[in-house]
Every structure is written in structure tokens, then in C-alpha cells.
Amino acid sequence: MDMAQARYPSLHAAIAESIAAGGKRGIGADGAELSAIPFHHYMSLCLYHPDFGYYRSGSSKVGREGDFYTSAYIGDAMGDSLARWLREVAFAHFGTGETVEVLDWGGGTGRLSRQLMDTWTSAETDSSSVLEQSLSFSLTVIDGNPSHRSEAERELESYIREGRARVMDESEWQRFVPSDRPVIVVANELLDAFPVHRLVMKDGELREWAVACAEDGRFIPCLMEPTDTRLIEWLREEGVELRENQTIEINLDGADWATAVAARFKRALFVFIDYGDETTELTGTHRMDGTLLCYREHRAHNDPYAWPGQQDITAHVNFSHIRRSMERHGAKEIWYGTQKRFLVEAGIMERLIAHNYSDPFHPIVRRNRAIRQLLLSDGMSELFKVQIFATPSK
């Protein structure tokens with residue numbers, strides 16, 4: 001029994017049972033036939049097992065005490081810029097005199113939601129335009145982690161008391177949001193959290209990565225035949241031909257979620273913010289091992305078997321795939337580009353203020369520093385993309 005099995009026996013047992021009972025076979029590195037499950041199934045159990053999954057249990061995953069940060073944790077510049085941009089687009093797309101329902105899907109601790117509501121509430125109060133005052137927003141955080149929902153309720157407490165905000169899990173939202181109401185769906189670093197299929201070309205044959213259980217209890221990789229016909233269709237539609245030993249990820253679940261939510265609403269905007277790129281970039285010759293990464297205590301590594309259920313497992317979002325799926329279901333892409341370009345076009349530079357303060361913790365100094373970090377730090381503003389779709393406005 002390895003360290004992970006001894007420390008987290010319940011999830012380990014659930015995965016091992018799925019492998020033993022699933023009825024699928026894989027081929028190990030030594031050519032031996034093994035009981036196995038697709039990597040997609042393994043990743044789903046690690047992240048979303050109802051009792052022990054990474055996103056379903058334990059404390060908050062975001063922030064200093066978690067495993068990673070999101071842009072909402074770098075000051076309030078991201079939320080403020082996004083709110084201002086969406087307000088202008090909402091005027092053009094929905095008109096005035098209605099309340100726009102905002103769904104912050106996978107909204108975590110509610111920090112981005114509060115930033116959005118703060119900006120919109122301030123605009124309603126300060127605007128001299130009657131038309132601008134007639135457009136208002138309410139907001140719902142949707143998240144599957146109980147700890148996240150508790151933090152979001154504290155973050156949005158004042159708006160919840162006013163009846164302008166709610167916090168709920170995925171099973172509740174359809175009962176509260178009418179399909180004919182104007183809606184904005186915000187998914188900030190959500191699409192990368194869906195389980196992915198991993199394909200590889202081995203000895204001239206297309207195979208899918210799978211997971212087996214070794215004699216000592218460790219989870220190990222193996223190969224099996226592709227388990228979903230849509231994987232083959234995706235390769236053909238995207239014109240992708242894998243090279244020998246090249247691995248790629250295909251996120252069928254993320255595209256399915258996006259199109260299912262799009263089909264629900266008659267008038268909607270969809271805002272996807274995540275790290276990723278186009279098919280040509282993600283399947284290029286420099287991407288022989290795919291993009292899968294794991295995050296634990298703010299450290300990145302590439303071993304998805306090290307801490308099952310106790311680490312984030314993620315892959316870059318393929319925005320070509322999302323675009324094709326959304327447009328096939330009637331949505332139109334109205335903006336796509338790097339997070340840096342989006343923030344600049346949304347007016348973030350106007351928030352930079354010249355000053356003579358020497359105190360690094362002065363609010364103006366901290367705001368300027370946060371803006372620089374969002375735009376320049378580690379090239380993340382180029383890696384992250386913003387993709388926005390609209391369904392018919394009438």
C-alpha cells in the first residue's frame with residue numbers, strides 16, 4: 001500500500017473498485033492485459049466523487065490556503081473591468097428596464113461575484129442617466145463545494161440580505177432562473193476543471209490513456225481502445241493527425257456543459273475565461289505530451305496519480321472546440337482574445353493613477369500593482385483567453 005492509499009483509503013478504494021468492476025481492459029507498459037478505466041473516468045472520480053472528490057470536499061481550494069489563485073484574488077481590477085464591459089454589452093443586447101440574472105458558474109468563494117456586484121451597484125447609484133439606472137443585475141453563485149458556498153455566502157452577505165444574490169449548488173439553479181429572462185453566464189476558470197479524455201498515437205494506432213491498479217496498490221497508466229466515438233469524430237472535424245507518441249486532451253464534458261446551458265436560455269451572454277488556446281497550438285509538434293498539469297499547495301507538477309483527490313488536475317481549454325460547439329447550437333462569438341487585450345479594451349488602464357505615495361500598502365499603490373500583475377505577470381495574461389458568446393437578443 002503506497003502513501004496515497006494509506007492516507008486517503010476511501011477514495012482509493014472507490015477508484016480501485018471502479019477499475020475492478022468496470023469490465024474494461026487495458027494494456028500495460030509490459031504488454032500485460034489489465035483491468036482498467038479510461039483516464040477520463042479516473043479524473044472524474046478524483047475531482048468529483050460525491051464524498052471524496054477534490055472539488056466536492058475539504059476546505060477552500062482557492063487563495064493563500066488553497067492550491068491556486070484566480071484573477072479575482074489579484075485586487076479587484078479584473079472584476080471591475082469585466083463588470084463595466086458587461087454592463088455596456090448588456091445595454092446593447094438586452095435593452096433596459098429588466099433585471100439581468102448573472103450566473104457565476106463555479107464561482108468558488110464568491111470574490112469575483114462581489115466585485116461584479118460592487119461595480120454594478122455603484123453604477124446604478126452614481127449614474128446620471130435614467131436609462132442606465134433602469135438596468136439592474138442580480139447574481140447567483142453556483143458551486144459544488146460546500147466550503148466554497150459558505151465563503152461565498154459571507155462574501156455576498158449584504159447582497160443576499162437585499163435579495164440580489166443567491167448561492168447554490170448545481171442541482172438547484174434551474175428552479176430559480178426562468179429560461180426567458182436575460183442572463184449572463186460567467187465561467188471563470190471553470191472549463192479547465194472538467195475531466196478530459198487523453199488520446200495518444202502508439203505504434204501507428206490511436207489509443208486512449210487509461211488507469212489500472214498495480215499489485216502494490218498504486219494507480220498506473222495503461223492504454224485501451226478509444227471509448228467514445230465522438231473522440232474520433234473530433235479529430236476528423238478539427239483535421240488533427242497525431243504524431244507517433246503524441247498525447248492530446250479532448251474536453252467533451254466542457255463543451256457538453258457549455259452547449260447544454262446555452263440551450264436553456266433564449267437571451268443570454270456567455271463569458272468563458274480560462275487558460276488555453278486554439279487547436280493548432282494545442283496539437284502542434286511542440287506539444288507531444290499534452291497539457292495536463294496538477295496543482296497542490298501552489299506547486300505545479302505532472303503526476304496525476306500522486307495525490308488522488310488531494311490535488312487539482314487540469315488541462316488547457318481548447319477554444320476552437322468550444323467555438324465550434326457553441327456556434328453549432330446557435331450562439332455567436334462576439335469577442336475572443338487574450339485576457340490582456342480584453343482588460344485593455346475594457347478600460348483597465350484608466351484605473352492606473354499617478355501618485356507620490358511611498359507606502360506599498362496604500363490603496364492606490366496596491367491597485368496599480370494589481371493591474372500591472374494582471375497585465376504583465378509571468379505571461380499569464382497572454383495564456384489566459386476571454387471568449388464571449390451571445391444568443392439572439394430578441
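The values are calculated or read from the model by the stated rules, or taken from the named source; none is laboratory data. Given the structure is predicted, the values throughout are model-derived calculations rather than measurements. Positions of Cβ are backbone-derived with ideal geometry, glycine not excepted, and every protein chain shown enters the neighbour counts. What goes into the accessible areas is simple: the full protein's heavy atoms, side chains included, and nothing from ligands, DNA or RNA. Shrake-Rupley method; radii C 1.70, N 1.55, O 1.52, S 1.80 Å.
When each of Thr259, Thr279, Thr285, Thr227 is tested for being loosely packed, with under 14 Cβ neighbours inside 10 Å and β-branched (Val, Ile, Thr), the lone residue that passes is Thr285.
Beta carbons closer than 9 Å, at least 6 apart along the sequence or on distinct chains, pair a first residue in segment 299-325 that is acidic (Asp, Glu) with a second that is not in a loop (DSSP other than H, G, I, E, B) for Asp303/Cys294; Asp312/Leu47; Asp312/Phe68; Asp312/Ala193; Asp312/Leu293; Asp312/Cys294; Asp312/Tyr295; Asp312/Arg296. Number of residues in segment 306-348 that are modelled with pLDDT of 95 or more, in a loop (DSSP other than H, G, I, E, B) and open to solvent by 20 Å² or more (accessible area, probe 1.4 Å): the value is 1. Assess whether Leu199 counts as being surrounded by 14 or more Cβ atoms within 10 Å (Cβ to Cβ), at pLDDT 95 or above and more than 30 Å from Pro392 (Cβ to Cβ). So Leu199 fits the description; yes.
Is segment 368-386 home to any residue that is among the acidic types (Asp, Glu), modelled with pLDDT under 65 and open to solvent by 10 Å² or more (accessible area, probe 1.4 Å)? For segment 368-386, residues among the acidic types (Asp, Glu), modelled with pLDDT under 65 and open to solvent by 10 Å² or more (accessible area, probe 1.4 Å): present. Among the residues of segment 76-104, those that are under 22 Å from the mean Cα position of the chain (by Cα) and either open to solvent by 20 Å² or more (accessible area, probe 1.4 Å) or more than 22 Å from Trp257 (Cβ to Cβ) (or both) comprise Asp76, Ala77, Met78, Gly79, Asp80, Ser81, Ala83, Arg84, Trp85. Kindly indicate the residue of segment 133-145 that is without any contact (Cβ under 8 Å) to a residue 40 or more places away in the chain and open to solvent by 10 Å² or more (accessible area, probe 1.4 Å) and also farthest from Val89 (Cα to Cα) among those meeting that condition. The qualifying residue farthest from Val89 (Cα to Cα) is Asp143. Out of everything in segment 158-170 that is out of contact with any helix residue (DSSP H, G or I) (no Cβ under 6 Å at 6 or more places or on another chain) and within 30 Å of Phe52 (Cβ to Cβ), what residue ends up being least open to solvent (accessible area, probe 1.4 Å)? For segment 158-170, the residue satisfying everything is Met168.
Where strands (runs of 3 or more DSSP E) fall wholly inside segment 161-270, the ranges with 2 or more residues that are over 21 Å from the mean Cα position of the chain (by Cα) and acidic (Asp, Glu) are 205-213.
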